[in-house]
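Taken together, the values in this text are just the output of simple stated rules run on the coordinates, not laboratory data. If you're wondering where the values come from, they're calculated on a predicted model, not measured in any experiment. Every residue, glycine as well, gets a Cβ built from its backbone with ideal geometry; the counts of neighbours run over all protein chains shown.
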Amino acid sequence: MSHSSSLRAAAQAATYVTLLSFSVIIGAWVGNQADVWFATSPGFLLLGLCIGAVAGFYNLIRGFNATKPPSSDAHTGPHDPS
């Protein structure tokens with residue numbers, strides 16, 4: 001693995017960790033603000049944490065799929081059995 005590809009992989013990993021972390025943190029913050037606004041506790045906080053985690057993992061999977069190299073058995077042309 002070359003130096004530039006190692007740096008690229010490290011940057012992608014840092015991006016994914018940051019994306020997941022901020023999704024959960026923002027979800028928790030929004031849930032907490034809703035708890036303060038509606039005087040409920042900890043209902044919206046837990047809901048916000050769950051929604052943030054789901055959104056973070058969704059974006060994480062989407063990011064992994066976007067950077068995944070195409071599979072070697074994918075055929076681009078018509079099937080020729082001969």
Multiply the residue separation of TYR58 and SER71 by 0.36 nm, subtract the distance between their alpha-carbon atoms, and state the gained length in nm to one decimal. 2.5 nm
Once you sort the root eigenvalues of the Cα gyration tensor of the chain as a ≥ b ≥ c, which label holds: rounded (a/c under 1.5), prolate (a/b larger than b/c) or oblate (the other case)? oblate
Which peptide among 47-53, 18-24 comes first, and what is the full order, when sorted by highest mean count of other Cβ atoms within 10 Å? 47-53, 18-24
So how much slack lies between SER6 and ALA39, counting 0.36 nm per residue of separation and subtracting their Cα-Cα distance, in nm? 7.0 nm
